[in-house]
Amino acid sequence: MPGDPLVSVVITVYNGAPYLAEAIESAHAQTWPHVEVVVVDDGSDDGSDEVARAHDVVFERLPERAGIGAARNRAASLATGAFLTFLDADDRLPPDKLEVQLAEFGRDPTLDVVYGQVTEFVSPDVSPEDAARIRPAVPRSQSHLAGVMLMRRAAYDRVGPWAVGLRVGTGVEWYMRSAELGLRTTMLDHVLLERRLHTANNGLREAEHRSQYLSIVKAALDRRRAGS
């Protein structure tokens with residue numbers, strides 16, 4: 001791709017010490033050579049900050065938990081890459097993720113965001129008893145997850161920051177706003193994210209807040225009515 005642009009892999013973590021090193025190492029293992037890794041610790045108390053500091057990353061620790069939206073916004077403000085991807089601290093990137101997506105941007109310079117496939121796996125540290133209570137892993141599916149997408153920094157700035165205050169649905173809310181703006185996107189038939197299933201996934205940890213998805217949909221409908 002012309003100019004060999006820098007890509008910022010943005011990782012936010014809240015009490016994710018057991019898996020954070022794998023996430024960081026998967027970013028550093030990319031076949032694309034120009035990568036910076038930005039980690040923001042959202043007020044963890046499990047030693048996640050020590051894990052991050054042991055690696056070559058741009059790092060900041062928030063003094064108290066602010067939520068994934070606020071943490072991603074802070075991390076994005078620290079990132080200097082022309083392209084961004086947002087990786088959850090318990091997931092992993094396949095080694096060729098960035099190279100594959102940047103090649104697509106090279107083929108079509110008008111693109112704003114490139115999406116693709118996600119594969120799921122049950123974390124090997126989960127006991128058989130706990131694994132039986134987790135939904136089955138999906139081997140492969142199309143996805144708009146933050147860790148799947150690679151976007152131009154200009155496109156991110158156009159959509160605006162992640163919503164603050166949501167306990168669930170942060171990625172859904174941002175994606176809906178991006179779709180409303182008509183960003184140019186494509187969906188690749190290539191696995192771009194390895195998503196870990198375990199007993200502390202955010203969707204399980206914040207299950208009592210699932211009603212926030214309704215407020216996200218309502219806000220989108222309100223924006224549509226206001227613009228019509």
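Throughout, read-outs are computed from the coordinates displayed, never taken from laboratory work. All values derive from a computational prediction rather than experimental measurement. All Cβ positions, glycine included, derive from the backbone under ideal geometry; neighbour counts span all protein chains shown.
So for the chain, averaging the separation of alpha carbon pairs under 8 Å that are six or more residues apart and normalising by length, what relative contact order in percent results?
On the way: 440 pairs, mean separation 52.2, N = 228.
Result for the chain is 23 percent.
Projected label points at Leu6 and Asp96, each 7 Å from Cα along the beta carbon direction, are separated by 2.7 nanometres.
With the Cα gyration tensor of the stretch 1-132 giving a ≥ b ≥ c as the square roots of its eigenvalues, does the rule (a/c under 1.5 for rounded; else a/b larger than b/c for prolate; else oblate) give rounded, prolate or oblate?
On the way: a/c = 2.05, a/b = 1.36, b/c = 1.50.
Oblate, because a/c is 1.5 or more while a/b does not exceed b/c.
Within the stretch 89-149, the proportion of C-alpha pairs whose separation exceeds 20 Å stands at 40%. Normalising the average separation of contacting C-alpha pairs (under 8 angstrom, six or more residues apart) by the number of residues puts the relative contact order of the stretch 1-74 at 35 percent. Helix-only arithmetic for the chain: the sum of -39500 (n - 2.57) across DSSP H runs with n ≥ 4, divided by the residue total, places the mean residue ellipticity at 222 nm at -10000 deg cm²/dmol. For the chain, the antiparallel share of DSSP beta bridges with both residues in that region comes to about 25%. Here r is the Cβ-Cβ distance between Arg53 and Ala137 and R0 is 35 Å; the resulting FRET efficiency, rounded to 0.05, is 0.65. Between rounded, prolate and oblate, where does the stretch 7-227 land on the alpha carbon gyration tensor, with a ≥ b ≥ c its root eigenvalues, rounded for a/c under 1.5, else prolate if a/b exceeds b/c? Judged from the Cα gyration tensor, the stretch 7-227 comes out rounded (a/c under 1.5).
Which order results if Met187, Met176, Met151 are arranged by neighbouring Cβ count within 10 Å, fewest first? Spell out each step's value before the answer.
On the way: Met187 14, Met176 17, Met151 25.
Least crowded to most crowded, the residues run Met187, Met176, Met151.
Exposure here means at most 13 other Cβ atoms within 10 Å; with trypsin sites (Lys or Arg not before Pro) in a DSSP loop as sites, the longest stretch of the chain lacking them is 1-132. Comparing Thr110, Thr85, Thr31 in a Gaussian network model of the chain, where Cα atoms under 10 Å apart are tied by springs, the biggest mean-square fluctuation is seen for Thr110. Mean-square fluctuations from a GNM of the chain, with a 10 angstrom spring cutoff on Cα atoms, peak among Val114, Val148, Val138 at Val138.
With +1 on each Lys and Arg Cβ and -1 on each Asp and Glu Cβ, how big is the dipole of the stretch 7-227 about its Cα centre, in debye rounded to the nearest 20? Mind showing how you got there, number by number?
Values: 25 positive and 32 negative charges, 224 e Å.
My answer is approximately 1080 debye.
Please report the spacing between the Cα centers of the stretch 122-181 and the stretch 35-69 in Å, no decimals. Comparing the Cα centres of the stretch 122-181 and the stretch 35-69, I get a distance of 19 Å. Calculated FRET efficiency, Glu180 to His28, Cβ-Cβ distance, R0 = 41 Å: about 0.75 to the nearest 0.05.
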